[in-house]
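*Asks:* Have a look at the structure that comes next, please.
The values are calculated or read from the model by the stated rules, or taken from the named source; none is laboratory data. Everything quoted here is computed from the prediction, not taken from an experiment. As a convention, Cβ positions derive from the backbone with ideal geometry for all residues, glycine included, and neighbour counts pool all protein chains shown. Accessible surface areas use protein heavy atoms only, side chains included; no ligands, DNA or RNA. Shrake-Rupley method; radii C 1.70, N 1.55, O 1.52, S 1.80 Å.
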Amino acid sequence: MKKTIFIISLFIGAFCLGLSDAPSYVFGLFYVGVLLSFFWTIYYPFYFSKNLTSIERYLSKQSKKSILYFLYSVTNHMHDEIEHSYHYIMNKRMNPSKKAVYQVVYGFSKKDMQFIKERIDFIKVPEWNSYYKTLLFIEENELEKAKVTKDSMRSHKFKNVLEFELLLKENKLEEAKTLLSHLISNTRGFHYYMLSKRYEETFEVKGIV
């Protein structure tokens, strides 16, 4: 629907500008303005929104063959949808390191630690490799190793999320809750949605207030 409105807007705008014999730079400004408005409307929920309903609606309407739908399914523990979208992604042509990231995410969704260990070293981006290795250490209760790999990372965003997972594993629930609330307040779009869902399943569902 939005694409149809975009095409109609371009046609009507160009027609009106043509009738008024507008100079070429006006046409250029018009097209740039319409394009920016279109992309803002389409991608605003994913990158900038803090409305959970809006973000969820956006994600749920993605193609079931897409990476975004896979991430949406993993976030919401939609097991059948995870399987379907994962296998579509694995059939896509992509960099082996990038593919390994989705394989590891899939492994975490299945709690298949052996599969994760087999795939994790194929992730060649150092920060991503360290992030998922730290999560693996946390999952396997190797918390001292997790702290070492976490502290070696440069990304504050990754380190903060990992710190939350460590606090949770150590049963420091109030500290974990405070940290996660802070992270949520400082994010937008998909990261806001993902962290909010984590907060909901960790504290609200379990009745921790």
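*Asks:* Given (1) part of a loop (DSSP other than H, G, I, E, B); (2) touching a Phe, Trp or Tyr at 6+ places or on another chain (Cβ under 8 Å), where does Tyr106 come up short, assuming only one miss?
*Replies:* (1)
*Asks:* Take segment 86-103 and flag every residue that is open to solvent by less than 30 Å² (accessible area, probe 1.4 Å) and more than 16 Å from Met194 (Cβ to Cβ).
*Replies:* Listed by number, the residues that qualify are Tyr86, Ile89, Ser97, Ala100, Gln103.
*Asks:* Among the residues of segment 49-66, how many are open to solvent by 40 Å² or more (accessible area, probe 1.4 Å) and in a helix (DSSP H, G or I)?
*Replies:* Adding up the residues that qualify gives 5.
*Asks:* Could you list all residues from segment 109-135 that are surrounded by 18 or more Cβ atoms within 10 Å (Cβ to Cβ) and outside any helix (DSSP H, G or I)?
*Replies:* Within segment 109-135, just Ile123 meets the criteria.
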